[in-house]
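Before any comments, here is the structure.
The values are calculated or read from the model by the stated rules, or taken from the named source; none is laboratory data. As the structure is a prediction and not an experimental result, all values here were calculated from the model. Backbone-built Cβ (ideal geometry, glycine too); neighbour counts: all protein chains shown.
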Amino acid sequence: MLGGGMILFNRMHQTREFLAGSIVPTEISATPTPIPEKTIEERIKEAREKSSHIKGIYMTAEVANDGGAGATRLRNQIIGIADTTEVNGIVIDVKEVCGPEYNKDRMKKLIDELHVKNIWAIARIVVFKDASQINVHPEWYLKRAVPKSVSDQCANKLHLRVKNSDGSKPDAIFWRDNKGGYWLDPASGGVHDYIADFSKKIIDLGFDEIQFDYIRFPSDGDVAKAQFPAWNGKTPKFMVMKDFFEFLDTTLRKYKPDIMLSLDMFGYAAIQQGDVGIGQRLEDIGSSFDYVSFMVYPSHYYSGLSLPADMAHNLPAINYNKSAVRVHPDVTVGRSLRVAQNFLDNLAASSTAVHTREGTTSATSTSMVVTDEIPQAYLRLRPWLEDFFHEADKLAGRPYGVEKVRLQIDAAEKTGGHGWILWNAANVYTEKALKSE
């Protein structure tokens, strides 16, 4: 578990001294010792240290907020795993593809419980895939010229959509991806403010870290038919995203200098530098975020994995098809992360970024500016690993269950050493694969 603070109590106490065979009570008053307020520099350093070895598991919004017996049981099981095993962090959904979804009071109570147990609390925010604002801000959304028959991914969560006071709905044809999801325009200034303002509310709940997902342009569906209200179609997508990354970095760290920022990326992005068509480049992320979580799920390498030999680390060339990738989950995870780590190491060696974090100390009520000269690739790897069952793996004699989970964890720890997160959408984890605390 992560180290906690020490609370000092003022108290009166009595001592007894033996004088000439008699016991004489003497009352001593303890002088209160003020606890010095931590400086911004100290808070940032402490947050970086604590966050640098997080081993986490994922919790859905329903489990985090529902007071029913089923959700409570799953929630307690997840907290129990973090309290008794090597796991020391929990990622909690606060905004998914259908929109913001959390109960303020219950979430605060949950975070307080996690902090008492020294568990790192990470809020997961889905960014540009969001169905909640289509009625009140249709100008933020991708449109199309003619309708296309596609399901509504959030049809069962219409309650999350913000309504106009008069009940009106926009006369617009929205573009949706293959799953029926709505997308915000990544170039929209109004969208940027919406995401930043929401993130500040989440920071106020007490989260230690904000993790951004779907922080990219859409990739699935007939993207060529999408009409962007703000993006001009000429500015490179990676430049649009780079501007947004820097906006989040500046805005949120000014609001809370010691907040940690992370984001999720496709597993393939770990081995493919440059923009793959969705606006994400590893070199742009490195100067704005603290952690990147590649989703290196072996079951998601549909095209297999081919890599040249890494002579510097004495690693042979590999050429796996999609089945071999799942036969060797440790190699798949380890080699993917190694490619990304090599890139970050080279980037850090060649450049330095200056981070300016502005904040106010409550002890002095004065504004302070902290400038960190840190490697541009201060960004560290904390991958998502799969902890979900595939019957096909078991039938084919491939690693599954405890073996598969542990192979991935060990590979991640050998490569980066900055932690990992297990994903299971059902909130059920292979506890036997985890080391006891």
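The set of residues from region 98-125 being buried (at least 23 other Cβ atoms within 10 Å of the Cβ) and either modelled with pLDDT under 95 or more than 15 Å from Phe207 (Cβ to Cβ) (or both) comprises just one member, Cys98. Mind listing whichever residues of region 405-437 are within 17 Å of Phe294 (Cα to Cα) and in a strand (DSSP E or B)? Of everything in region 405-437, those that are within 17 Å of Phe294 (Cα to Cα) and in a strand (DSSP E or B) turn out to be Gly419, Trp420, Ile421, Leu422, Trp423.
Run Lys38 past the list (1) at pLDDT 95 or above; (2) surrounded by fewer than 19 Cβ atoms within 10 Å (Cβ to Cβ) and report the number of the one that doesn't hold. Failing condition for Lys38: (1).
Restricted to region 126-164, and to residues there that are of a type outside the set (Gly, Ala, Ser) and free of Cβ contacts under 8 Å to residues at least 12 places away in the same chain, the residue that is surrounded by the fewest Cβ atoms within 10 Å (Cβ to Cβ) is Asn156.
Looking across region 108-163, the residues that are under 21 Å from Gln211 (Cβ atoms), among the β-branched types (Val, Ile, Thr) and part of a loop (DSSP other than H, G, I, E, B) come down to Ile119, Val127.
Among residues that are out of contact with any Lys or Arg (no Cβ under 7 Å at 6 or more places or on another chain) and not in a loop (DSSP other than H, G, I, E, B), Asp105 is included. Scanning region 377-392 for residues that are charged (D, E, K, R) and outside any helix (DSSP H, G or I), we see that the one that is farthest from Asp290 (Cα to Cα) is Asp387.
Only one entry of Asp193, Asp197, Asp171 meets the criterion of being part of a loop (DSSP other than H, G, I, E, B) and charged (D, E, K, R), and that entry is Asp171. The set of residues in region 148-174 that are touching a Gly at 6+ places or on another chain (Cβ under 8 Å) and more than 16 Å from Gly99 (Cβ to Cβ) comprises Val150, Ser151.
Of the residues making up region 187-209, those that are farther than 28 Å from Asn88 by Cα, in contact with a Pro (Cβ under 9 Å, 6 or more places away or on another chain) and not hydrophobic (A, V, I, L, M, F, W, C) number 2. Checked against (1) over 26 Å from Gly56 (Cβ atoms); (2) touching a residue at least 60 places away in the same chain (Cβ under 8 Å); (3) of a type outside the set (A, V, I, L, M, F, W, C), Asp213 passes all but a single condition, namely (1). The number of residues in region 270-298 that are out of contact with any Pro (no Cβ under 7 Å at 6 or more places or on another chain) and in contact (Cβ under 8 Å) with a residue 40 or more places away in the chain comes to 20. The set of residues from region 393-402 being in contact (Cβ under 8 Å) with a residue 24 or more places away in the chain and part of a helix (DSSP H, G or I) comprises Asp393, Gly401, Val402.
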